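Here is the structure we will look at, set down as structure tokens.
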């Protein structure tokens, strides 16, 4: 279970790096409606994606390094700490979208939680739960 969740984390964080840092224009288009893309803020958001991508890259590399050498963190309490941090990383992304998704139900919200954004929203929730499940397993 440990290796499978680490692999899922690595893939997801790697995809986050790819979207935010390498494909910032696509990231910005997901968030910003067409009518607002001609503003300087749109370009600022594209560049901000690189910042977000850096965090995703670091988490991706950490998961890969642990996968390559899981004996670095052999004890349950060490793996619990890792799983809690990864759950927080995924959970923070999910929780940031909750108010927006609720506003979407009232035809409001600064972006739409649909399509790719909905997929991201759901996947972060699932990976948060998977990492929390790892906490429960190692806590026993």
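For residue 107, are the conditions met, namely being farther than 23 Å from residue 16 by Cβ and touching a residue at least 12 places away in the same chain (Cβ under 8 Å)? So residue 107 does not fit the description; no. All of 82, 102 fail the test of being free of Cβ contacts under 8 Å to residues at least 24 places away in the same chain, part of a helix (DSSP H, G or I) and buried (at least 18 other Cβ atoms within 10 Å of the Cβ), apart from 82. For the range 113-140, the set of residues classified as in contact with a helix residue (DSSP H, G or I) (Cβ under 6 Å, 6 or more places away or on another chain) and not in a helix (DSSP H, G or I) consists of 113 only.
Among helices (runs of 4 or more DSSP H) lying entirely in the range 1-74, which contain 2 or more residues that are at pLDDT 90 or above and under 14 Å from the mean Cα position of the chain (by Cα)?
Because the criterion is at least 2 residues that are at pLDDT 90 or above and under 14 Å from the mean Cα position of the chain (by Cα), the helices (runs of 4 or more DSSP H) in the range 1-74 that meet it are 2-17, 40-68.
Within the range 109-125, which residues are at pLDDT below 90 and over 13 Å from residue 30 (Cα atoms)? Passing the criteria: only 109.
The C-beta contact set for the range 114-132 (first residue at negative phi and surrounded by 13 or more Cβ atoms within 10 Å (Cβ to Cβ), second residue outside any helix (DSSP H, G or I) and modelled with pLDDT under 95, distance under 8 angstrom, 6+ apart or interchain) comprises 117/111; 121/113.
The values are calculated or read from the model by the stated rules, or taken from the named source; none is laboratory data. Not measured: the values here are computed from a predicted model. Every residue, glycine among them, receives a Cβ derived from its backbone with ideal geometry; neighbour counts consider all protein chains shown.
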